[in-house]
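Undergrad: Got a structure for you, questions after.
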Amino acid sequence: MSYIEDIEKIDKQIEKLKKQSKAIVKQQSKEERKQRTRKLIQSGALAEKYFNIQHLTLEQKETIFKMFSNYVNENIPKNLRGDADG
């Protein structure tokens with residue numbers, strides 16, 4: 001085998017690995033989106049359950065969440081906070 005053939009073979013292997021890498025990244029992104037979607041659906045279901053807001057429009061729900069957001073953010077227990085201070 002000549003050096004040129006060796007280089008071509010290695011280039012093909014590099015391209016194959018690049019494609020595999022892209023596929024893995026794409027699959028990981030897909031899984032992360034699925035997890036985020038599931039989490040959002042569960043959060044929405046809990047909000048509807050505890051606030052009895054199934055019948056409201058999205059804008060009306062947002063108004064209610066805005067009304068309570070300061071209180072919730074100020075009174076959430078430290079062990080449940082997502083920030084570095086908790």
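The values are calculated or read from the model by the stated rules, or taken from the named source; none is laboratory data. For clarity, every value in this text was computed on a predicted model and none was experimentally measured. Because the Cβ atoms are built from the backbone with ideal geometry, glycine has one as well, and the counts that use them run over all protein chains shown.
Undergrad: Give all pairs with beta carbons closer than 9 Å in which a residue from segment 53-69 that is farther than 14 Å from SER43 by Cβ meets a residue that is assigned to a loop (DSSP other than H, G, I, E, B) and not basic (Lys, Arg); count only pairs at least 6 apart in sequence or on separate chains.
TA: Within 9 Å, the pairs are GLN60/ILE53; THR63/LEU56; ILE64/ILE53; ILE64/LEU56.
Undergrad: Something else now. How about segment 77-86: which of its residues are surrounded by 10 or more Cβ atoms within 10 Å (Cβ to Cβ) and either basic (Lys, Arg) or not in a loop (DSSP other than H, G, I, E, B) (or both)?
TA: Residue satisfying the conditions is ARG81 alone.
Undergrad: Here is a list of conditions, (1) at pLDDT 95 or above; (2) surrounded by fewer than 10 Cβ atoms within 10 Å (Cβ to Cβ); (3) within 24 Å of the chain's Cα centre (by Cα), and THR57 meets all of them except one; can you say which number that is?
TA: Looking at each condition in turn, THR57 falls short on (3).
Undergrad: Just to check your reading of the model, which residue among GLU32, GLU48, GLU74, GLU62 is part of a helix (DSSP H, G or I), surrounded by 10 or more Cβ atoms within 10 Å (Cβ to Cβ), modelled with pLDDT under 95 and not hydroxyl-bearing (Ser, Thr, Tyr)?
TA: That would be GLU48, the only listed residue that is part of a helix (DSSP H, G or I), surrounded by 10 or more Cβ atoms within 10 Å (Cβ to Cβ), modelled with pLDDT under 95 and not hydroxyl-bearing (Ser, Thr, Tyr).
Undergrad: If GLU15 satisfies every condition in (1) surrounded by fewer than 10 Cβ atoms within 10 Å (Cβ to Cβ); (2) at pLDDT 95 or above; (3) among the acidic types (Asp, Glu) but one, which is the exception?
TA: Among (1) surrounded by fewer than 10 Cβ atoms within 10 Å (Cβ to Cβ); (2) at pLDDT 95 or above; (3) among the acidic types (Asp, Glu), the lone unmet condition for GLU15 is (1).
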